[in-house]
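Quick note: the coordinates plus some simple rules give every number you see, no bench work behind them. Here the structure is a predicted model, which means the values were calculated and not measured. Virtual Cβ from ideal backbone geometry, glycine too; neighbours counted across all protein chains shown.
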Amino acid sequence: MKQRIILIASVLCGLLAAFLTRQYLNAKDRDVEMQRQQLANQYKTISVIVLKHALPAGAVLVTDDLGTVKAVESAVRGHAVDERDYHMLLGRKLVRSLAEKTPIYWSDIEGGDPLNHGLADEISERMRAISVNVSGTAAVSGMVRPGDHVDVIGTFTLPSPTHPNELEIITQTIMQNVLVLATGRDTNKSQLFGAERERGGSGGYNSATLLVSPREAEMLVFAEQTRGHLVFTLRNPNDTYREMELPRVDFTQIQGEIDKLNQIRQGMMRAPLP
């Protein structure tokens, strides 16, 4: 009986030792993998643009001048030109002479990185840029893009002029033919260069930046502060027509004019443009 107990105890001790050894080895494997990952991240390489041959200051870069080489990302990120931005160099001038196989830095290029100049350069004199909250269906299902022209329509809850103790909901066109400078962080410039880098991003957005006058900016700020709901209607960029007398719309007006408006719309659809 004693021998049997000793045998069982020995087997259990062996199993426990094997289990503990396996746990120890697994922990070591995790440590090794973590260190390997840290080293991989630290010395991760990316492809950057280099010159295939030496060029003097003032040279205009063309496709035959440019090649790629691998470099440690942490050493060149934000300075050397990534191969994904190859097209941004074409037609640009060097501000200093560079030797063959030299990585090209944005500081070597006249004007630098085009995506680092921000939005201010796109704002014309006496105008302002202002961002408003708009997304989804309010921005034509997110299809409004930088460079588009839109009308801005607001819906507000206001005191009724006929029943002072009551509130009414009205909708009114606030602005017409407004240039969209940006949607989220995408601008005309970033789309032109196809930039989908970390700094810009692409996809959905929750705000749009409009080019407006100072007085229009005040109206938009007030509209948002009064918890108005803003919606864009997308225009053809060649259509500069402006409606001169757009009314405030409430439920009573919809009831009274819907048939007339439908008839006008059908007539406009059938009529040839002048």
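The alpha-carbon atoms of the range 84-171, seen along their principal axes, cover 80, 30, 18 angstrom, with the largest extent given first.
Which of the peptides 143-150, 124-131, 167-174 is most tightly packed, and how do the rest follow, judged by the mean count of other Cβ atoms within 10 Å per residue?
143-150, 167-174, 124-131
Legend: ranking of residues ARG96, ARG215 from fewest to most surrounding C-beta atoms inside 10 Å; resulting order ARG215, ARG96.
Using the crude model of +1 on Lys and Arg Cβ and -1 on Asp and Glu Cβ, and no other charge, please compute the dipole size for the range 45-112 relative to its Cα centre, in debye to 20. Can you show the working numbers first?
Numbers: 8 positive and 9 negative charges, 16 e Å.
So the magnitude is around 80 debye.
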